[in-house]
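Read through the structure below, which is laid out as structure tokens, and then see the notes.
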Amino acid sequence: RLAIEELAPAAETAGVTLVMKPSKAEASFLTTLRDTLAMLDASGCPNVGLAVDLWSFSEELISLQSGTSVFERTKIVSVADQAKSISSCYERLPPGAGDLPLTGLLRLLFESGYRGEIEFDPVGQTVSSMGYEELLASLRHYVDDVQSELNVVEYNTRRSKKPLAMAEVFPR
């Protein structure tokens, strides 16, 4: 909490948004979305938001009565899939290659009004064995499918204000 109290004002002056990302119990003192939201609320800093990792917290998001309050504070979302059949608990698969209800969670995200950053974060043995081209093709296919199913069009704010389909961020 002290770090946020000290960093947030300087970051706000510089126009920077900070995020807090809960993690697994062995990696952080913030281990749930609820705990992280409580700390964000206690900070009272408008330029400090939440980083949501769908790989780590899909079950908690599903169990929350309304994901809307979570997504109101969310500044970035990490997307990776997991499969119960893979023995390593650290395999972050490409979306659609595992068992998580990622499309449903992304639907909730967009329906709540979220228009922030989304990163795809697959890593591990399975991803390494795929190779770069296959991984990019897999991500492209998933983004195309999600865009079509959810009818999502976003803005590429880094390059122009011209509306771009989500999938156009990934050149063919």
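If the segment from Thr17 to Asn151 were pulled out straight at 0.36 nm per residue, it would be longer than the present Cα-Cα gap by 45.4 nm. The residues Tyr142, Tyr90, when put in order of fewest to most other Cβ atoms within 10 Å, stand as Tyr90, Tyr142.
With R₀ fixed at 25 Å, the C-beta to C-beta distance from Ala137 to Ala83 puts the FRET efficiency at about 0.85.
Exposure proxy check: Phe120, Phe57 ranked by fewest other beta carbons within 10 Å?
Taking fewest neighbouring Cβ atoms as first place, the list is Phe120, Phe57.
Across the range 1-43, Cα pairs under 8 Å and at least six residues apart give a relative contact order of 33 percent.
Convert 37 °C to kelvin, take the viscosity as 0.692 mPa s, use the Kirkwood radius over C-alpha pairs of the range 61-141 as Rh, and evaluate the Stokes-Einstein diffusion coefficient in µm²/s, rounded to a whole number. D, rounded to a whole number, is 240 µm²/s. In whole angstrom, how far apart do the alpha carbon centroids of the range 1-35 and the range 94-115 sit? That distance is 24 Å.
Taking the Cα centre of the range 1-116 as origin and assigning +1 to Lys and Arg Cβ atoms and -1 to Asp and Glu Cβ atoms, the resulting dipole is close to 160 debye. For the peptides 38-50, 127-139, the ranking by mean Cβ contacts within 10 Å, running from highest to lowest, is 38-50, 127-139. Taking other C-beta atoms within 10 Å as the exposure proxy, Thr36, Thr17 rank Thr17, Thr36 from fewest upward.
Since every read-out is calculated from the coordinates, none of them should be taken as a lab result. Everything numeric in this text was worked out from a predicted model, so none of it was measured. Because the Cβ atoms are built from the backbone with ideal geometry, glycine has one as well, and the counts that use them run over all protein chains shown.
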